Every structure is written in structure tokens, then in C-alpha cells.
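*Asks:* Would you mind keeping the following structure in view while I ask a few things?
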């Protein structure tokens, strides 16, 4: 079973002070309500979805598509 993260855990993990922001982030993932919890797998998936390649790589890809 995956580890479960609470609102306080997400505040620490994503370095946000406002619990409302943490709740918003959590509800953008697969989550459970009452209490609001997310799995480690959901957090990893969220981070992968939100992570962008380096700007130099993005420029290279866009240049190649324009050629």
C-alpha cells in the first residue's frame, strides 16, 4: 500500500504555507475526501505532469518543428 499524505504533509512537501493552496493542489490529484488524503503514487504522477523540460530543450524542439 502507498504512503498517504495529508494536507500538512503536502504543505511541507510543496513548501506552501497556506493550507487552502495545499488542498487545491491535492484536489488536482487523485485523492480521497473526508479526510482529504493523496497517495504517494498520486503525488509522483502530479509532479511528473507538472514538470517541464529545460528551456534549452524546449527551444530545440520548437526550432525543429519550425524547420
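*Asks:* What do you reckon, is residue 1 touching a strand residue (DSSP E or B) at 6+ places or on another chain (Cβ under 9 Å) and at pLDDT 95 or above? Write out each step before concluding.
*Replies:* Numbers: touching a strand residue (DSSP E or B) at 6+ places or on another chain (Cβ under 9 Å): yes; at pLDDT 95 or above: no.
For residue 1, the condition - touching a strand residue (DSSP E or B) at 6+ places or on another chain (Cβ under 9 Å) and at pLDDT 95 or above - is not met.
*Asks:* Identify all residues within the stretch 1-16 that are outside any helix (DSSP H, G or I) and exposed (fewer than 13 other Cβ atoms within 10 Å of the Cβ); write none if there are none.
*Replies:* If we filter the stretch 1-16 for residues that are outside any helix (DSSP H, G or I), which is where we start, we get 1-6, 15-16.
Those that are outside any helix (DSSP H, G or I) and exposed (fewer than 13 other Cβ atoms within 10 Å of the Cβ): 1, 2, 3, 15.
*Asks:* Looking only at the stretch 19-39, count how many residues are within 22 Å of residue 51 (Cα to Cα) and in a loop (DSSP other than H, G, I, E, B).
*Replies:* Summing the residues that are within 22 Å of residue 51 (Cα to Cα) and in a loop (DSSP other than H, G, I, E, B) in the stretch 19-39 gives 4.
*Asks:* May I pose another question? I'm told residue 41 meets every condition in (1) more than 12 Å from the chain's Cα centre (by Cα); (2) modelled with pLDDT of 95 or more except one. Can you identify the failing condition by its number?
*Replies:* In the conditions (1) more than 12 Å from the chain's Cα centre (by Cα); (2) modelled with pLDDT of 95 or more, residue 41 misses (1) alone.
*Asks:* Same structure again: When you go through (1) surrounded by fewer than 10 Cβ atoms within 10 Å (Cβ to Cβ); (2) more than 10 Å from the chain's Cα centre (by Cα); (3) modelled with pLDDT of 95 or more one by one for residue 19, which number turns out not to apply?
*Replies:* With respect to (1) surrounded by fewer than 10 Cβ atoms within 10 Å (Cβ to Cβ); (2) more than 10 Å from the chain's Cα centre (by Cα); (3) modelled with pLDDT of 95 or more, residue 19 is out only on (1).
The values are calculated or read from the model by the stated rules, or taken from the named source; none is laboratory data. These numbers were taken from a predicted model, which means no experiment stands behind them. Don't worry about glycine lacking a Cβ; one is built from the backbone with ideal geometry, like all the others, and counts go over all protein chains shown.
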